Amino acid sequence: MLAFAPGRAAAQVGPAPFPQPPTTLTPPPVGTPAPGLQGAPEPSESPSTPRPARLSAFGVTAKRVAFYSNRYVLTAEGAVKLQLGDGTRISANTFFMDLRLNRFVAAGDVTLVTSSGTYHGAAFSEYFDFDRAYFIPVTSEPDRWTYTEGQYAHPLFGREMPGDAFFLPDLSGQSVFCYSKKAVVDPRQSIRFTPASLNFGLTFVPFPTYFLNFSSNPNFAQNALPGSEVDGPYDFAGGAHGLATAHLRYDPADNVFFAYEQHQVSANHYLVFAVSPLTRPLKVYNLLGFDRLSPKVEIQVSLQETAFQHDFSQPLSATAYGNLEVTAGLHHSYLQLNADQYYESLLSQPQPGIGGLLYYGDPSHNWVPDHPNDVSLSWIGYRNPIGKLPLYLQLRSSIGLDHDWLTPLYDDLPDIGTIVTQWSHGAGMNVTTQQIKLLPDRSGQHRDLLLTASFDKQRQWFSMPHYIDTQVETASLSRAFTPKVNALVSYSITNTGDFWGSKQLDVYPPTSLSGMNAAYSPFTLEQFPGYSAFRGFATVRSLNEQLLFTPTTRLTLTFSMRENHDFPVPIPGLPVISGGVTFWQNYGFTPYQFTGDVRYRINNILALDVARAYYFNFGGYQRWSPEFLITLLR
Amino acid sequence: MKQRRLLLVSALWIASALAAATSGLLPGKVGLAATPPPLTETPITPPPLSATATPSPSGQLIRYTGQLLDLRGGFAFFTTGDAFRLAPGYKVVDAATGGPPTVPAMTRTYARAAFDTGNGSIVQLGLSPKPLPPEANYQDVARFAVALSTSAPNPDLIPHGEGYNGKPVLVIFTVEIPPQTPFNDDVYLATDVSGWSATAIKMDRIDATHYRVERDFLSGTRLLYRYTLGSWSSAERGQDGLEVKPRLFLVPNADVKSVSDTVYHWGNENPNAPDLGENAPPTPYNPIPFFTPPRRP
């Protein structure tokens, strides 16, 4: 944090340590965070002890309250009145609060009404994080008073004050996000504006209220909404642990629609519920939950229901998915339980309809009572160095169960029959090298040629007499040619094999995918009879080359080329839209892909990323990716 | 027609969002507190002091610039927290022209104060709505500040130390990722100052297991951050598989600062089935293209 002189703006995001006493007007005096100062906030943790009332939420009313979102400051002008949490009242001409530094200044014709008396002065400043207030009273002559811990009856007279205690920033040229008449500020948490006039770029739109959450708790960022092309959130209610948001969204499938999301969070838990779209029949309900039960055990739940229903009437279809994950930290390893439940229909069996089909409404909403589920328990070790070698070793193992009574895992296998339940257990290892300097740069400019390699092998045995091996080998060479140019070449081989011994051809019969059953491109209908040679063994060979050029910290250009030689060969697919992005849904990796990516940082908040890929006429029709991928990063 | 109208609405919506976003308006999309606005770039030549702004016989005139908190009771209060006595008959003028003031002498107004060193009072205030370039040092006028109480030391304040000077610092974040991460995955830095957007800062792959990004931050900036693969469900996990607390970084005074971190696991990792990447070709986990006979595990 800085102590600021007039004419310089507060430019810090950080705690509000005490600066040095004023030494000069320009350049600004400097301040240093004092080790062990009380009130320095811990990351993402709620205060372990309740805040005193005087440091809790307070109200601001004025002729004009303004919030500058790119500076994270709140100002109030004209007939400013503050009411602090302990009942202390302050009136002034102007008010300024830096929400990141968590302190405010009320200045100009100040009247301070406390439990111990009424005082007049020029300015009052409150540092919430340190529970200090500074006041410039005017009695017979001006003075300097410091209040500690809200002891208004016993000011510390004449104490030196932080050099920027009464700093007021120059906000000319800054854009206002929200105008209001009244704001309730919960320090380091939120502001509620009543009413609120919000800047939508082209105009200000009035709302009865607006709730702004700026808590450093990342759990507020957990997102339960499905993707959309455009999303306009409006936070209309909330508190230190809750946030209610209405969303106006757009995507090509549903056009413009509304959605709703609700957060309940603390430092150790979150519960996020969302429904989207609210105003279209095909609705997705999501619930995400997380709780840290103890420092070493946490539980995570994810539930999703997709329902076709007009408004909130009886759904014509309803499918659901649930996932439970429990993680327990052990000594140099951890355990993770993972369970999935799939419900193809949550509805009761309907009466048979046309042709004896089971459906709701019309046959497009067919009723399928399938309920696949699986559960696994995994043990994962830490990544440990192997002696003094430049290698790391990580081990893992698991046991699991798959079950599906309606759609068997294996149907009518010779000598085996139909299998609806299957147990498995597995073990795996990963060996990774450290960065090895293959050709050290003697000039000391860190332009070494670096080698990194990894080997990953896993075998999974099943109660059915088969096992699956997965093996991934990767080696890469990289080098920085200049501080701005970086090159990378990587080659990897992935082998997967499903070993059934004498029953291999029963499970992967030669004829199952040939002739009329041959795999084919859904776009061109071109057949890929080579899949009839697939016996459960696949190989992927990828060569990746990348050139990274960063001429400035704002601009990054990345060019990458990937070549794949795989078995079975990839099959070109359809263009599909997901999350507002159109891409080719191929089966397997395209043999050749060139990607160019340009990223430009517009300002401290936004970066623009533009990328496009070229597929070298894959399938006879896939040249460029269907569209530029333009992403606004923030 | 309807589609065209929708397209127009969408375009307007996107334009609004972009306009708002690029001007840093969107809530929750918090950037770093903006770079301090530069001082007035064109140096202002102070106008001559008016004829009445003459020092007492024993004094001289010195001028310094600041910002007003208040004018009351015969005192001018500056944002340094100091109160200075106003000389009887002191003049208020426009700081740029020396003519009549164009802004009122009120809170937030910038001022150039002419001090009579003979009695320490202000004989002229030149007002400006914009910050004024510095003139005299604070020490030259600090002795004229008026306070009833004797100045007392403040144990809260740091007596020594360099502190943070707020200058831009090039911070280089380098992260080592789990070796099982698919080659084409993007790695991002999510920070509290960007509203914890999971895609706030995209990083660049520099070798098989390392990503890097360079950003300018002001020294003293306090940053909480986490690495993600672009969503919160894929946020980093600790070596013990548990969620990690956000990492804390305080930007020091330096020209360049490197930060090296290691991510051991991602939240969306499945330890039982190696992640072979999107569109993985036929495997026992994904054996049949497009129109599928009975599935296998």
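Here is how the number arises for chain A: DSSP H runs of 4 or more residues each give -39500 (n - 2.57), the sum is divided by the residue count, and the result at 222 nm is 0 deg cm²/dmol. Using θ = phi - 60° in the Karplus curve 6.51 cos²θ - 1.76 cosθ + 1.60, the 3J(HN,Hα) couplings for segment A:488-502 round to 8, 10, 9, 10, 9, 10, 10, 10, 10, x, 10, 9, 10, x, 5 Hz; x is entered for Gly and Pro. Out of every Cα-Cα pair that segment B:61-139 contains, those further apart than 18 angstrom amount to 29 percent.
Over all alpha-carbon pairs in chain A, figure out the percentage whose distance exceeds 46 Å.
Numbers: 74336 of 200661 pairs.
That fraction is 37 percent.
Note on A:Val326 and A:Ala153: the model spin-label points, each 7 Å out from Cα along the C-beta direction, lie 5.5 nm apart.
Before anything else, pin down the relative contact order of segment A:193-236: Cα pairs under 8 Å, at least 6 apart, normalised by residue count, whole percent.
Details: 33 pairs, mean separation 14.7, N = 44.
The value is 33 percent.
With a Förster radius of 22 Å applied to the C-beta separation of A:Trp379 and B:Lys245, the computed FRET efficiency comes to 0.35. Ranking A:Met561, B:Met106, B:Met203 by solvent-accessible area of protein heavy atoms (1.4 Å probe, all protein chains present), from largest to smallest, gives B:Met106, A:Met561, B:Met203. Heavy-atom surface analysis with a 1.4 Å probe gives segment B:155-269 a carbon and sulfur content of 47 percent of its accessible area. The relative contact order of segment A:212-347 comes to 14 percent, based on Cα pairs under 8 Å that sit 6 or more residues apart. When you work out D = kT/(6 pi eta Rh) for segment B:155-269 at 10 °C and 1.306 mPa s, using the Kirkwood radius from C-alpha pairs as Rh and the Stokes-Einstein form, the result is 106 µm²/s. B:Ser128 sits with roughly 10 Å² accessible to a 1.4 Å probe, with DNA, RNA and ligands left out of the calculation.
Near A:Lys181, the amide H atoms lying under 5 Å from its own belong to A:Val65, A:Thr194; only residues 5 or more places off or on other chains count, and H is placed 1.01 Å from N. Figure note: B:His265, A:His331 ranked by solvent-accessible area, largest first, 1.4 Å probe, ligands and nucleic acids not counted: A:His331, B:His265.
A crude spin-label estimate for the pair A:Thr421 and B:Ala254, with each label 7 Å from Cα along the Cβ direction, gives 5.9 nm. Students often get this wrong, so check it: of A:Lys81/B:Lys91; A:Lys457/B:Lys202; A:Lys388/A:Lys457; A:Lys181/B:Lys130, which have C-alpha atoms separated by over 28 Å? Pairs exceeding 28 Å: A:Lys81/B:Lys91; A:Lys457/B:Lys202. Solvent-accessible surface of protein heavy atoms, probed at 1.4 angstrom with all chains present, puts A:Phe462, A:Phe523 in the order A:Phe523, A:Phe462, largest first. Mean per-residue shielding of peptide A:570-576 is 2, counting Cβ atoms of other chains within 10 Å of each Cβ. The mean of 1/r over all distinct Cα pairs in segment A:120-198, once inverted, gives the Kirkwood hydrodynamic radius of 15.0 Å.
Over the heavy atoms of A:Glu344, what accessible area does a 1.4 Å probe trace out, to the nearest 10 Å²? The value for A:Glu344 is about 80 Å².
Each residue was assigned an accessible area with a 1.4 Å probe, and for A:Arg54 the value is about 50 Å².
Using θ = phi - 60° in the Karplus curve 6.51 cos²θ - 1.76 cosθ + 1.60, the 3J(HN,Hα) couplings for segment A:86-102 round to 8, x, 4, 10, 9, 10, 7, 7, 9, 9, 9, 9, 8, 6, 6, 7, 6 Hz; x is entered for Gly and Pro.
Label positions at A:Arg554 and A:Leu395, each projected 7 Å from the Cα along the C-beta direction, are separated by 5.4 nm. Normalised by 2.2 N^0.38 Å, where N is the number of residues, the C-alpha radius of gyration of segment A:474-577 stands at 1.56.
Using only atoms on other chains, find how many Cβ atoms lie within 10 Å of each Cβ of peptide A:330-343 and report the average.
Working: counts 2, 1, 2, 3, 8, 2, 8, 0, 3, 0, 0, 0, 0, 0.
Per-residue shielding by partner chains comes out at 2.
The mean number of partner chain beta-carbon atoms within 10 angstrom of a residue's beta-carbon across peptide A:66-77 is 4. Once backbone amide H atoms are built at 1.01 Å from N, A:Phe537 has A:Asp498 as its partners under 5 Å, excluding neighbours fewer than 5 places away on the same chain.
Once the piece of chain linking A:Val113 and A:Lys181 is laid out straight, how much longer is it, given 0.36 nm per residue of separation minus the C-alpha distance between them? Intermediate results must be reported in sequence, preceding the final value.
Values: separation 68, 0.36 × 68 = 24.48 nm, distance 2.15 nm.
Extra length available between A:Val113 and A:Lys181 comes to 22.3 nm.
Output the relative contact order of segment B:61-139, whole-number percent, from Cα pairs under 8 angstrom with separation of 6+ residues. About 38 percent, as a whole number.
The values are calculated or read from the model by the stated rules, or taken from the named source; none is laboratory data. Not measured: the values here are computed from a predicted model. Using ideal geometry, Cβ is built from the backbone for each residue, glycine included, and neighbour counts are taken over all protein chains shown. Only protein heavy atoms, including side chains, enter the accessible area calculation; ligands, DNA and RNA are left aside. Shrake-Rupley method; radii C 1.70, N 1.55, O 1.52, S 1.80 Å.
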